[in-house]
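Scroll down for the structure; my scribbles are underneath it.
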Amino acid sequence: MQEKTLEVLEYKEVLKKIANKARSQLVKNQILEIKPISNIDLIKDELDKTDQMIKTLVDHGTIDLFGLYDLREIVAYASKNGILEPVDLLKVLDLLRVSSYLIEYGKNITEPYIKDIFDRIFTNDKLKDEIERSILSEDEISDNASQELRSIRRRKDKKEEEIKNRLNHYITSSKYEQALQDKVVTMREGRYVVPVKTNKKAVLNGIIHDKSASGNTIFVEPAAIVELNNQYSQLEIEENAEIRRILDRLSRMVEAFDLEILENQKLISRIDYLQAKSKYAMENNYSKPIVSKEKKINLIAACHPLLKGRVVPIDVRIGGDYTTLIITGPNTGGKTVSLKTVGLITLMAQSGLFIPCAEGSVVNVFDDIFLDIGDTQSIEMSLSTFSASLTNIVYLLNNITDNSLVLLDEVGSGTDPTEGAALAISILNYLNQKKVMTFATTHYSELKYYAIETPGVTNASVQFDVETLSPTYKLEIGTPGKSNAFEISQRLGLMPEILSNAKSILSEDNKSFNTILEQLEVNKKSLDEKNQEIEAYKRQIQKQKDALEEKIKNLEEERKNIIKEAEDKANDILKNANDQAQAMLKEAKKAKNANVSDIDRSLNDIRHRYKNSKIDRKSKGFTLEKSVNAPDTLKVGDIVLLAGLNEKAEVIEAPNEKGDIKVQIGILKMDSNIKNVTKLKSENKTLNNVKKVYNMKKSMHISPSLDLRGQRYDEALRNLDKYIDDVSLTSLNEVKIIHGKGTGALRSGIRDYLKNNNRIKDYRYGDDKEGGFGVTIVTFK
């Protein structure tokens, strides 16, 4: 969409209102960058997700998101072995706290997409507890952070008390009473001192550290406490060193949890965004539009979302028998607002937003919206209103397609009325022949006749109340507008003889036309009343139909849950049997005279049988095609799944030489890399089946990293063996084993285990960003 279109229709003002509902500044910025899209499948997908979030908020209440920060730079710094400051660690703590809250909130969610987001949130109670125990505020580390810190601070407190007791001797002694400026103990340059009168400095032997602004006071450290102050300073140095050690320890814990932190940030940002636009829709009673590509618009009780006060809703219908709607009526009657309402609602729908209309409203998906609205005359460019308007029209005529939307306000105005009307008819006729959906406003009577006589073109009017001399702002489709000039003049007291003469001047054609309009208005009013009754019945029937379909859906869901529960129980039985068999064989392996190679073969045989026996609920008819490093494996338009987010997205920029791509999730655009996506290739084109299986694989929630630090050798290898088993049943291709550097015994044992495991494709030490020799990166076959 053109920036000018978005500006004239005030699209960004709507985005600002939605952004105000978000809690994270990162999400606020993303919302303000949203652009309408033309992919009908992505639009429907985004609307469905919003609908699910609204149902979740209705059932479970507002999601209380708090303390959301952009942690990408913090995590990147920690990954480079950097030491995080307390303020950074507190931001990580906020993420961990909100993650724990969201896991608890998500336990009872039933909406599938929303539940999937919540189920993929990780937490790390150990890291959360350590930060809570160690850091009190941005400027204060807790005594409980370590035993060493508590010990240093106790010694420091005792030393401080000893210094103050010594200094109190000077303050209370009559010997120094005349020399002291005040009987207080203070600090200068980190040293405890007493204030002494400048002319009495010889009375108290010591080191001068500072002088007052007036020069009347000097701050002296008595010689007797110099050594005590030195000891106190040494304890402060030890305290600062211990604090840095504590911060380094916490930073390394953050580094080990880096992937999960960044994934949580993405998931929580998605929740924040969905909640923001859902709350905006709920607070304004907006509805989910029916999205179509059949060149039809049917807006029921549509309101402009930015108008304040009492807003009169309008019904707008176009498509089918006619693709051009010509709106006539008095000034300030709402013609231009009607144009903007249609344009802005279209933009909102194509952005995956609910719209200010009644349920059942239909919107069309357009490639672009072209418009000429408002007085765009330019003194600088020497353009009149007519010239500026015609410049816009020339541009749109050269760029439209049969799937464009055109909005023209007062088409052909600003010049001689006869020529302007002829030009307007010619322009509208061209658009009508091209089957371009067009809305136009006018005061020209010639255009009313044109609409009546031309197939594919229909009149509409904004109504005017002659009794109150005010517009009603109601839009009537199928009826041309009356000027009401004679009626208004009579109400305002124009002399009868002048009115009579004016009527006699009118041609017979005009008189007949006005009479027909009056009769049409009476007939239409009767017809509208009948149509309203029919619509009420239709809505009632649809409501009952929806309720029945919901019951059927619930019964089907209940059936699936019963089957799933039975399958899960069967899998649990198989798993328990597998675990017991493996445990017995491992015990046998420790026994004397045991044939180790036979036992290893038995272990592998048990694992193989367990995997073959495990009930598999995967769908048929598709394959998951993993992306490779070559940049030509993806092209614009391909559909991919994003690792971590588990979101279906469309590639909108092909890979560059580094493999970087740009993708679109619903209406959000983001950068990624070809290594981080999975290309979807569906034989029966049912991408929903792909996503279903992918979600099943992810449902085990296996962490992409395993921390074995601090574990005994045997315990660590047992945990590694179980972790490799679990990972092999998921879709993870690469994991991180954290073993630390230490003596190297555990590292060697892990590598020996990996070398003999036929499920492992490759393994290597981590690079500097991944943890160096303290971690091993494992790639599965």
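Contact order, relative form, for segment 306-440: 29 percent (alpha carbon pairs under 8 Å, 6 or more residues apart, mean separation divided by residue count). Applied to segment 743-752, the Karplus parametrisation 6.51 cos²θ - 1.76 cosθ + 1.60 on θ = phi - 60° returns per-residue 3J(HN,Hα) values of 7, x, 5, 5, 4, 5, x, 5, 5, 5 Hz, with x for Gly and Pro.
Each Lys or Arg adds one and each Asp or Glu subtracts one; over the other residues with Cβ under 12 Å from the Cβ of V365, this totals 0. Across segment 221-377, the relative contact order, built from alpha-carbon pairs under 8 Å that are at least six residues apart, equals 29 percent. Short-range pairs are left out: with C-alpha atoms under 8 Å and at least six residues apart, the relative contact order of segment 194-238 is 36 percent. In this calculation the C-beta distance from K755 to E653 is compared with R0 = 56 Å, giving a FRET efficiency of 0.85.
Other residues whose C-beta falls under 15 angstrom from the C-beta of K156 contribute a net charge of -3, scoring Lys and Arg +1 and Asp and Glu -1. In this structure M670 has an accessible area near 50 Å², from a 1.4 Å probe over the protein heavy atoms. Computed from label points 7 Å out along Cα-Cβ, the spacing between V58 and I573 is 4.1 nm. The simple spin-label model puts a point 7 Å past each Cα toward its Cβ; for Q25 and S233 those points are separated by 4.0 nm. Here the extension length gained between A566 and S489 equals 19.6 nm, from 0.36 nm per residue of separation less the Cα-Cα distance. I want the local charge near A421. Using Cβ-Cβ distances under 11 Å, sum +1 for each Lys or Arg and -1 for each Asp or Glu among the other residues. Here the charged neighbours net out to -2. Starting from the Cα of Y765, move 7 Å in the Cα-to-Cβ direction to define the label point; list residues of segment 60-88 whose amide nitrogen is under 19 Å from there. What the label zone holds, given the 19 Å backbone N cut-off, is 79-82.
Placing E263, E653 in order of accessible area, with the largest value first and a 1.4 Å probe, yields E653, E263. With all protein chains in place and ligands, DNA and RNA left out, the 1.4 Å accessible area ranks E138, E132 as E138, E132, largest first.
The values are calculated or read from the model by the stated rules, or taken from the named source; none is laboratory data. Small disclaimer: the values here were computed from a predicted structure and weren't measured. Reconstructed Cβ throughout: ideal geometry from the backbone, glycine too, with neighbour counts over all protein chains shown. When the accessible area is computed, the model is the full protein with side chains, heavy atoms only, and any ligands, DNA or RNA have been set aside. Shrake-Rupley method; radii C 1.70, N 1.55, O 1.52, S 1.80 Å.
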